[in-house]
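Chemist: Would you mind keeping the following structure in view while I ask a few things?
Just so it is clear, none of the values below were taken in a lab; they were calculated from the coordinates. In this text, all values refer to a predicted model and were calculated from it rather than measured experimentally. Glycine also receives a Cβ, built like all others from the backbone with ideal geometry; neighbour counts cover every protein chain displayed.
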Protein chains: 2
Amino acid sequence: MIDRAAIVRTSLELADEKGLSAVTLTAVAQRLGVTPMSLYGHIENKAALLDHVVEALLAEFPLPDLELSWYERLAWIGRAARESARRHPGVFPLLLTRTAATPGSHRVRQAVFSALLDAGLSVAEVNRAERLLTTMIVGFAISEVSGRFGQSEEDIEADYVYLEKVLTMFITVAAQRPGDLGDELN
Amino acid sequence: MIDRAAIVRTSLELADEKGLSAVTLTAVAQRLGVTPMSLYGHIENKAALLDHVVEALLAEFPLPDLELSWYERLAWIGRAARESARRHPGVFPLLLTRTAATPGSHRVRQAVFSALLDAGLSVAEVNRAERLLTTMIVGFAISEVSGRFGQSEEDIEADYVYLEKVLTMFITVAAQRPGDLGDELN
DNA sequence: ACCTGAACACCGTTCAAGT
DNA sequence: ACCTGAACACCGTTCAAGT
């Protein structure tokens, strides 16, 4: 009757509606019409459940059409990140405090990789640039959705446009002057 | 016997030693040799306690000597942020999900403001640049301390040097070409 | 003024038992 | 194979009572 996918989906919904602290084994079980103990047949424990919830968020993250230019694809991903954060304000912040070595994050990372390669970055520099780029976008989206700066929607949008310009400049420079920003790359 | 400062200090220590989830009214009270209920004489509730803990972290954040150059001051603050994150890995991530309208964050923000003004940014652009800069630094420090990329210390340090270069370039451009990065500023 | 006992409605988790 | 009852060690919080 109950399977892991339903448990994870219900947990994500609960987090979206009432915040991360409302994701309780008791509440999830109740919503599924079952006792809390029965969840242990499908998940290891609560920590593992949250891992699966983050993975579900990443799995539904939309990726841009590969026929778009590298710039358009990165811009798309940036917008998609902010929309994902708005859709899942309770869960999205977990992205910054958990390992990025998971299948779901690998999938998104590949999309950023390909865009940066098309932009002209060296294979060596792409790794570093991807980590920086995602950290900035995710950090911005978390701040926005958590109301960190207490600004109006318009102000936040203007901040984001500013961020986009800075990131575009960074990528352009990295592409045109290889090794200038970072030399001994991994 | 027990006052708010002691409660907050004990909570921060507990978070540093055993993680944020170990900060429990029961555990804090026990460490102070008192019952959990007695804490309510000094704090409003647990959420307010966490606010105070974050504020304590900000209060101890070291600020650079004003005789240093703007570049040296920003570099100092960046290093201090990473050290603060390493000292308080459980609490530091809360900085990105809480309002920056608090006395403690205002104090640090002023230091960044003054450095950006000295760098040559316009008064209008400094607000936006400060939000971007702190978001990036805090986002990086959280990623580092949470082991998000699972890298070695050396790799992380190289990433940080790369970030520093990008941010320096951004500030330099903003100073030399006013309005070029962001026009209609608040 | 400050702390506590008792009580309440919750948590996560284990395990033997039920179907 | 899947779910549950009972039990345990915890949570945050309120409030009347103690000193």
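Chemist: Give the nm distances, rounded to one decimal, from A:SER114 to the matching residue in every other copy, measuring between label points 7 Å along Cα toward the beta carbon; shortest first.
Modeler: Going from nearest to farthest copy, the values are 5.0 nm.
Chemist: When the Karplus curve 6.51 cos²θ - 1.76 cosθ + 1.60 is applied with θ = phi - 60°, which whole-Hz ³J(HN,Hα) does each residue of the stretch A:125-140 get, with x for Gly and Pro?
Modeler: With the stated coefficients, the stretch A:125-140 comes to 7, 4, 4, 5, 5, 5, 4, 5, 4, 5, 4, 5, 5, 5, x, 5 Hz.
Chemist: Still on this structure, I have one more. Averaging over all projection directions, find the projected area of the Cα convex hull of the protein assembly as shown and quote it in nm² with one decimal place.
Modeler: 20.6 nm²
Chemist: Since chains A and B are linked by a rotation, which residue in A has the beta carbon closest to its axis, and how far is it in Å?
Modeler: A:GLY139, 1
Chemist: Could you work out which residue, out of B:ARG148, B:ARG86, B:ARG109, moves most in a Gaussian network model of chain B, that is, has the largest mean-square fluctuation with Cα springs under 10 Å?
Modeler: Top of the fluctuation ranking is B:ARG148.
Chemist: Points 7 angstrom from Cα along the Cβ direction at B:THR35 and B:ARG109: gap in nanometres?
Modeler: A separation of 4.2 nm, rounded to one decimal place.
Chemist: Same structure, new question: Going 7 Å from Cα along the Cα-Cβ axis for the label, what nanometre distances separate A:SER69 from the same residue across the other copies?
Modeler: So the distances to the same position in the other copies read 3.6 nm.
Chemist: Defining a contact as two alpha carbons under 8 Å apart and six or more residues distant in sequence, what relative contact order in percent does chain B show?
Modeler: 20 percent
Chemist: Now a separate question. Using the Karplus curve 6.51 cos²θ - 1.76 cosθ + 1.60 with θ = phi - 60°, what ³J(HN,Hα) values do you get for each residue of the stretch A:115-124, in whole Hz, with x for Gly and Pro?
Modeler: 5, 5, 5, 5, 5, x, 6, 6, 4, 5
Chemist: OK, next. Could you pull the Cα extents of the stretch A:1-57 along its three principal axes, largest to smallest, in whole Å?
Modeler: Result, largest extent first: 23, 19, 17 Å.
Chemist: Taking the Cα centre as origin and putting +1 on Lys and Arg beta-carbons and -1 on Asp and Glu beta-carbons, what dipole magnitude results for the protein assembly as shown, to the nearest 20 debye?
Modeler: For the protein assembly as shown, the charge dipole is close to 1080 debye.
Chemist: If r is the Cβ-Cβ distance from A:THR26 to B:ASP118 and R0 is 41 Å, what FRET efficiency results, to the nearest 0.05?
Modeler: Calculated value: 0.15.
Chemist: Over chain B, with a Gaussian network built from C-alpha contacts below 10 Å, which listed residue (B:MET169, B:MET37, B:MET136) shows the highest mean-square fluctuation?
Modeler: Residue with maximal mean-square fluctuation among B:MET169, B:MET37, B:MET136: B:MET37.
Chemist: Right, another one. Among A:LEU133, B:LEU20, A:VAL173, which residue has its Cα furthest toward the positive end of the charge dipole of the protein assembly as shown, with +1 on Lys/Arg Cβ and -1 on Asp/Glu Cβ?
Modeler: About the Cα centre, the residue reaching furthest to the positive side is B:LEU20.
Chemist: Report, to the nearest 10°, how far helix B:4-18 tilts away from the longest principal axis of the Cα atoms in chain B, using its own Cα long axis and a range of 0 to 90°.
Modeler: 80 degrees
Chemist: Just the Cα atoms of chain B, one point each, no solvent: what log10 I(q)/I(0) does Debye give at q = 0.08, 0.09, 0.10, 0.17 Å⁻¹?
Modeler: -0.31, -0.39, -0.48, -1.08
Chemist: Follow-up question, since we're still on this one. Using mean Cβ contacts within 10 Å as the protection proxy, how do A:154-162, B:127-135 order, highest first?
Modeler: Result, highest mean first: B:127-135, A:154-162.
Chemist: Could you check the spin-label model distance between B:GLU60 and B:GLU44? Points 7 Å from the Cα along Cα→Cβ, value in nm.
Modeler: For the pair B:GLU60/B:GLU44, the computed spacing is 2.4 nm.
Chemist: What is the sum of charges around A:THR134, taking Lys and Arg as +1, Asp and Glu as -1, for the other residues whose C-beta is under 11 Å from the C-beta of A:THR134?
Modeler: +2
Chemist: List the distances, in nm and shortest first, from the label point of B:ALA6 to the matching label points in every other copy, placing each point 7 Å from Cα along the Cα-to-Cβ direction.
Modeler: 5.2
Chemist: If you don't mind, another one. Specify the residue with the greatest mean-square fluctuation among A:ALA101, A:ALA29, A:ALA175, computed from a Gaussian network of chain A linking alpha-carbon atoms under 10 Å apart.
Modeler: In the Gaussian network model the winner is A:ALA101.
Chemist: On a 29 Å Cα-Cα criterion, which of the cross-link pairs A:LYS165/B:LYS46; A:LYS18/B:LYS18; A:LYS46/B:LYS46 come out too long?
Modeler: Beyond 29 Å between Cα atoms: A:LYS165/B:LYS46.
Chemist: Based only on Cα atoms, what mean projected area does the convex hull of the stretch B:65-165 have, in nm²?
Modeler: If you wrap the Cα atoms of the stretch B:65-165 in a convex hull and average its projections, you get 6.7 nm².
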